[in-house]
Amino acid sequence: MNKLFLAALTLLLALSSCQSSKVKISGRFVGSEAKMVYLEQSTVLEQQLIDSVALGEDGNFVLLLENSDQTNPTLYHLVYDNNRIPLLLKGGDNVTVSSAGNALRNYTVEGSEESELLHKFNASYVDGVLKLNEIMSRLTANDLADDARHDLAVEYTKLKNEIKRQQLGFIVENKDHIAAIYALYQRLPGDANLFNGDSDVIYYRTVAEALAESYPDSHYLPLLRSQIARMDAQISLLSQVKETSFPEITMPDMYGKEQSLSSLEGKVILLHFWSAAVGNSNAMNADLKEIYSKYHDQGFEIYQVGIDTSKALWINTVQEQQLPWISVSDLRGEASPAVGAYNVQALPANFLIDREGNIADRNLSGEKLEQAIKKHI
């Protein structure tokens, strides 16, 4: 009898464990002609569609997730009528999401603590962003009187500051929740930073330290720490900005010797970001070599930063193309602090620095680059 009881108990525990790795998402959407509901899993790089279901005649739907992490919530988006509702789900959640009309503005969610926190954040944030966009559309009207334009600008700034205050308050208040990470990465129209750039890292670090206690195994924690490391490195670089106004870069060349951008002060410098892995590097560097040979003796220098991770590929390319200028790389690829310090969005990218140390122009090539060099030589 005892053996049978133990066997039954073992089976029950196994079934319970299996069940707890499942997530059920159900609800009702009405007020739109859309007939499908989609489920996306959000990663750092992309949104991946993983399931979809047609609404019933009454607007009801059910979606099921298998083999979900039972401890650490993962970000998903429920997509309906071109609106994307964020959800943070873990195994065992039985979530109900419903809405009438505009799904993102009117939805309700129950059955997931982290998803309910996201809803709390979005309730004011999304509405605020929509109001900002509406004010901006009025501000850009051609027939707007100056007094009215001034009043709208004041209203816009006041509202933006209030939304920002609420966002930062949510992050600090809920720092031990994954929902705080979501809030960290939301940006208001026209903003590149969360708050004011340098001090943003304080909020990231606050959340990371709290999550290390509440969700020590979350796959978001290493990503957050990596972001903090990049921000710290960027602050370090920016703290080295001289009166010349350009951020310092010090990196090793292919022989391991540290080469500083500031060592070229007093000359006309082309700070050039590139990658040996990009197929057009030979033609691009051939054009630069022609310009370099013309103006090098007149005080023109090139400081070229390789945004690469393969040391062998980078060194071989520099040697094969016989690049005559300073070539450096920290072999950290896009994670290089220099990429953030100069806000490099795509490769190749360049910055022309005049003899006084001012960034005079950027992203020039061919004849335009040559003309700019001549102007500052």
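Couple of notes before you dig in:
- All of Gly340, Gly279, Gly333 fail the test of being over 18 Å from Ile249 (Cα atoms), at pLDDT below 95 and surrounded by fewer than 19 Cβ atoms within 10 Å (Cβ to Cβ), apart from Gly279.
- If you check Ala360, Ala346 for being without any contact (Cβ under 8 Å) to a residue 24 or more places away in the chain and open to solvent by less than 60 Å² (accessible area, probe 1.4 Å), only one passes: Ala360.
- Pairing each residue of the stretch 148-160 that is part of a helix (DSSP H, G or I) with any residue that is open to solvent by 80 Å² or more (accessible area, probe 1.4 Å), provided the two are 6+ apart or on different chains, yields C-beta distances under 8 Å for Leu152/Arg138; Leu159/Lys131.
- Flag if Ser262 is under 28 Å from Ile359 (Cβ atoms), over 25 Å from the mean Cα position of the chain (by Cα) and either open to solvent by 60 Å² or more (accessible area, probe 1.4 Å) or free of Cβ contacts under 8 Å to residues at least 40 places away in the same chain (or both): yes
- Odd one out for Pro348, checked against (1) farther than 24 Å from Phe300 by Cβ; (2) in contact with a helix residue (DSSP H, G or I) (Cβ under 9 Å, 6 or more places away or on another chain): (1)
- Inside the stretch 61-78, residues that are surrounded by fewer than 15 Cβ atoms within 10 Å (Cβ to Cβ) and either farther than 23 Å from Ile181 by Cα or at pLDDT 95 or above (or both) make up a count of 4.
- Qualifying residue in the stretch 127-144 (condition: small (Gly, Ala, Ser), open to solvent by less than 50 Å² (accessible area, probe 1.4 Å), at positive phi and more than 28 Å from the chain's Cα centre (by Cα)): no
- Residue list for the stretch 220-259, filter: open to solvent by less than 20 Å² (accessible area, probe 1.4 Å), modelled with pLDDT of 90 or more and in a loop (DSSP other than H, G, I, E, B): Ile249
- Selection count, the stretch 161-201, where residues are open to solvent by 50 Å² or more (accessible area, probe 1.4 Å), under 19 Å from the mean Cα position of the chain (by Cα) and not charged (D, E, K, R): 6
- Residues of the stretch 301-323 satisfying the condition of being under 21 Å from Asn363 (Cα atoms) and in a loop (DSSP other than H, G, I, E, B): Ile307, Asp308, Leu323
- Residue pairs meeting the criteria (Cβ under 7 Å; at least 6 apart or on separate chains; first free of Cβ contacts under 8 Å to residues at least 60 places away in the same chain, in the stretch 326-341; second of a type in the set (Lys, Arg)): Leu331/Lys311
- Scanning the stretch 302-324 for residues that are touching a Phe, Trp or Tyr at 6+ places or on another chain (Cβ under 8 Å) and crowded, with 20+ Cβ neighbours inside 10 Å yields a count of 7.
- Selection count, the stretch 202-219, where residues are open to solvent by 60 Å² or more (accessible area, probe 1.4 Å) and assigned to a loop (DSSP other than H, G, I, E, B): 3
- Of all residues in the stretch 32-44, those that are under 11 Å from Arg84 (Cα atoms) have Cβ atoms under 7 Å from Cβ atoms of residues that are of a type in the set (A, V, I, L, M) and open to solvent by 60 Å² or more (accessible area, probe 1.4 Å), 6 or more apart or on another chain, in Tyr38/Leu49; Leu39/Ile50; Glu40/Leu49; Glu40/Ile50.
- Residues in the stretch 20-43 that are touching a Gly at 6+ places or on another chain (Cβ under 6 Å) and part of a loop (DSSP other than H, G, I, E, B) were compared, and the one that is surrounded by the fewest Cβ atoms within 10 Å (Cβ to Cβ) is Gly31.
The values are calculated or read from the model by the stated rules, or taken from the named source; none is laboratory data. Because the structure is predicted, anything quoted here is derived from the model rather than measured. With ideal geometry, Cβ positions are generated from the backbone for all residues, glycine too; neighbour counts draw on all protein chains shown. Protein only, heavy atoms only, side chains kept; ligands, DNA and RNA dropped before computing areas. Shrake-Rupley method; radii C 1.70, N 1.55, O 1.52, S 1.80 Å.
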